[in-house]
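J.: Submitted below is the structure of interest, expressed as structure tokens.
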Amino acid sequence: MRFVQPGVLLLGVAVYLGVFALLAYGPRGPGLLVWVVVIVGTWTLIMLVATVVAIVNSVIRIRAKETRRLAADSLMAKLASIPFFLINFLVLVFVANASVLFIMVGPIFWTILAIGIGLTYLTMLSTSVPVWATIVQLRRERTIDTGLTVLYAIFSVLYVTDIAAGVLLFGHSRRRPRFAWMWLLFGTGAAMIVIGILEVLFHFLIFAFPWFGESLEWLLWFIPLAAGIAVILSTAIVSAARQSSLQLEARAAG
């Protein structure tokens, strides 16, 4: 059951690509909109079933005290959600811009945008079900204190930080939170570098930030690229310094 929710999220990526292909190459007319609604509605129902499965699976894991498997389920769900929410974000940005450009049909786009944002947030919360179960189990085992419990609970209901919560809880379940922090920072830096490179190649961020003029458009790739490199370098330096400090302590103890 642990692969149901990640599988449905990856299916959501395929659904988006299928809808894009349908809109680009499908027959024009009222029937096109009907097909889009049917496809998206079917996936939404499948996601609802996957959420129920995730709840049942999490309860079973808590009762069996399978902390590591709970944390693995959390991490898997959050990582699988990344490509889905990236595509979803671009779609919502496109709809938002279209509502401004096409004023005559703006209310229709606003309605679609509101429904899309609501469903997106509910989908994100559904992927946090195993995260909440992991938090409960780690708190019962006193692996995390009250402060971290509250912090991770807040992280789990916010975009982007919910992925960080999944990574860090996985580290706690293995009793290696520092290691999890290191990989989280490395992953964040790598993701920012990839975004910067993709912006150079495809200029997709200009649709999200149209107020950047041509003179400042270069910042859309420079900022994530520079920030990603800085995060990776600083993490590597701190990690190396800590490793050196631990080796010195070990030698002194020996």
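The values are calculated or read from the model by the stated rules, or taken from the named source; none is laboratory data. Owing to the predicted nature of the structure, the values given are computational and were not obtained by experimental measurement. Cβ atoms come from the backbone with ideal geometry, glycine included; neighbour counts cover every protein chain shown. Each accessible area value is taken on the protein alone, full model and side chains, heavy atoms only, with ligands, DNA and RNA left out. Shrake-Rupley method; radii C 1.70, N 1.55, O 1.52, S 1.80 Å.
J.: Under 10 Å, Cα contacts only: if you run a Gaussian network model on the chain, which one of L75, L169, L33 comes out with the highest mean-square fluctuation?
T.: For the chain, modelled as a Gaussian network with Cα springs under 10 Å, the answer is L33.
J.: Report, in deg cm²/dmol and to the nearest 500, the calculated mean residue ellipticity at 222 nm for the chain, where each DSSP H run with n ≥ 4 adds -39500 (n - 2.57) and the sum is divided by the residue count.
T.: Rounded to the nearest 500, the figure is -29000 deg cm²/dmol.
J.: Tabulate in residue order the Karplus-calculated ³J(HN,Hα) for the stretch 140-150, using 6.51 cos²θ - 1.76 cosθ + 1.60 with θ = phi - 60°, rounded to whole Hz; enter x for Gly and Pro.
T.: Once rounded to whole Hz, the list reads 4, 7, 6, 6, 10, 8, 5, x, 5, 4, 5.
J.: Return the equivalent ellipsoid semi-axes of the stretch 1-135 as a descending list in whole Å, where each equals the square root of 5 times an eigenvalue of the C-alpha gyration tensor.
T.: For the stretch 1-135, the semi-axes come out at 33, 15, 12 Å.
J.: Here's another thing I want to ask about it. Which is the longest stretch in the chain that no exposed loop site breaks, taking sites as chymotrypsin sites (Phe, Trp or Tyr not before Pro) with a DSSP loop state and at most 15 other Cβ atoms within 10 Å?
T.: 4-101
J.: Pick out which of V95, V38, V15 has the largest mean-square fluctuation in a Gaussian network model of the chain, springs linking Cα atoms closer than 10 Å.
T.: V38
J.: Which value in nm describes the separation of the simple spin-label points at R28 and V136, placed 7 Å from the Cα toward the beta carbon?
T.: 5.3 nm
J.: Please list, in order along the stretch 16-29, the HN-Hα scalar couplings obtained from phi with the Karplus expression 6.51 cos²θ - 1.76 cosθ + 1.60 (θ = phi - 60°), rounded to whole Hz, x for Gly and Pro.
T.: With the stated coefficients, the stretch 16-29 comes to 4, 5, x, 5, 4, 5, 5, 5, 7, 10, x, x, 7, x Hz.
J.: On to the next question. Compare D145, D162 by solvent-accessible area with a 1.4 Å probe and give them largest first, with all protein chains kept in place.
T.: So, going from the largest accessible area down, we get D145, D162.
J.: Now, a different point. Express in whole angstrom the spacing between the alpha-carbon centres of the stretch 26-92 and the stretch 146-162.
T.: Using only Cα atoms, the two centres lie 20 Å from each other.
J.: May I pose another question? Can you tell me the length gained on complete extension of the stretch I115 to R63, counting 0.36 nm per residue apart and subtracting the Cα distance?
T.: The I115-R63 span can extend by a further 15.1 nm.
J.: Who wins for biggest fluctuation among A191, A50, A77 in a Gaussian network model of the chain, springs between alpha carbons below 10 Å?
T.: In the Gaussian network model the winner is A191.
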